[in-house]
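Presented below is the structure to which this report refers.
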Amino acid sequence: MPETDSDLTTMTWEDAGESLLTADCAVLPTGSVEQHSVHLPVSTDTLRADHLTAELVEAADEHGLEFVRLPTLPYGYSEHHMRFPGTVTLSQDTYKSVLVDVGTSLAEHGAERLLFLNTHGGNEEALALAADRLNRDTDLTAHFVHWTDFARDELEEHFGEGWGHAGDHETSFVELYRPDLVKEGRKEPQTTKEMPETRSYDYFDDVTEQGGLGDPMNSDPEFMETVVEHATDRILESLKRDVESGW
């Protein structure tokens, strides 16, 4: 995991107490442990959460913000991937409870805001509900950002359709930050079925043979570096506006 000068894990309790009171926001990176086809590691979403929050923290000063970064929560809600070995999932209720407990702990220590920075789509519903609960039940203000929402336009323009799970986009990311974890010889266009229109699939192997979507052969880590820079700025600008507006 990349370290920053703002990581809670490297602080003493005295340092943490001061930082949580003075920081504009604590940041909780949220990932998953789940299959990412035959060429990417099960830690892909957690790697993304680690590195993308590090980018956020490092750029915060340019936007007049100060963060405390919490350890990444590696487990998420991944039940739909459970037919692929290596996937580890929490139930939605357990996951939401963990998020609320983390936020409640920070509120107890006087933190003003908490940002959930998420990199796994399956986590979104529980994260939104946890943020609602914290905003209603504690003095903490909870914000929720799904990172891909701030990069979607550039990703769609560059990769077209179907660049999602373990495909063009995520392969590009792992090649940028951890190329040693990519099995280049196993990269291949993913064999998929069309998604249903009026219901959800039950498990991910209902729609994909290898476990991914899109075509990892289209990966472009240099382009991804630019996307990360742009999305980081967009997130920080949006958060800054919300903070200044009293949200």
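Note on the chain: with a GNM built from Cα contacts shorter than 10 Å, the maximum mean-square fluctuation among VAL33, VAL98, VAL57 falls on VAL98.
Taking 0.36 nm per residue of separation and subtracting the current Cα-Cα distance, fully stretching the chain between GLU157 and ARG186 would add 7.9 nm.
In the context of the full set of protein chains, segment 1-111 has a per residue accessible area of 44 Å² (1.4 Å probe). GLU244 exposes around 130 Å² of accessible area when a 1.4 Å probe is run over every protein chain in place.
Computed over the chain with a Gaussian network model linking Cα atoms closer than 10 Å, the most mobile of ASP215, ASP132, ASP15 is ASP15. Segment ASP15..HIS109, full-extension length gain: 32.6 nm, with 0.36 nm per residue of separation and the alpha-carbon distance subtracted. Backbone phi angles across segment 152-166, fed through the Karplus curve with coefficients 6.51, -1.76 and 1.60 (θ = phi - 60°), yield HN-Hα couplings of 4, 4, 5, 5, 5, 5, 7, 9, x, 8, x, 8, x, 3, 6 Hz in residue order; Gly and Pro are listed as x.
Placing a label point 7 Å from the Cα of ASN135 along the Cα-to-Cβ direction, the residues of segment 17-44 with a backbone N closer than 18 Å are 25-28.
A simple charge model with +1 on the Cβ of Lys and Arg, -1 on the Cβ of Asp and Glu and nothing else charged puts the dipole of the chain at about 740 debye relative to its Cα centre.
Using a simple spin-label model with pseudo-atoms 7 Å out from Cα toward Cβ, SER91 and SER238 lie 3.2 nm apart. Mean-square fluctuations from a GNM of the chain, with a 10 angstrom spring cutoff on Cα atoms, peak among THR226, THR208, THR119 at THR226. Here the accessible area is traced with a 1.4 Å probe on the protein chains. For segment 33-87, carbon and sulfur cover 52 percent of it. Taking the protein heavy atoms of segment 125-185 in the context of the full set of protein chains, the accessible area attributed to carbon and sulfur is 43 percent at 1.4 Å.
Were the residues from GLU58 through TYR201 laid out at 0.36 nm apart, the gain over their Cα-Cα distance would be 47.6 nm.
For the pair segment 183-230 and segment 63-111, the centres of their Cα atoms are 24 angstrom apart. Pairwise Cα separations in the chain fall into 10 Å bins from 0 onward with the following percentages, short to long: 7, 31, 36, 20, 6, 0. For VAL33, the amide hydrogen comes within under 5 Å of the amide hydrogens of GLY76, VAL88, counting only partners 5 or more places away or on other chains and with H modelled in the peptide plane.
The values are calculated or read from the model by the stated rules, or taken from the named source; none is laboratory data. Worth saying up front: this structure is predicted, and the values here are computed from it rather than measured. All Cβ positions, even for glycine, are placed from backbone atoms using ideal geometry, and neighbour counts span all protein chains on display. All accessible areas refer to the heavy atoms of the entire protein, side chains included, with ligands and DNA or RNA removed. Shrake-Rupley method; radii C 1.70, N 1.55, O 1.52, S 1.80 Å.
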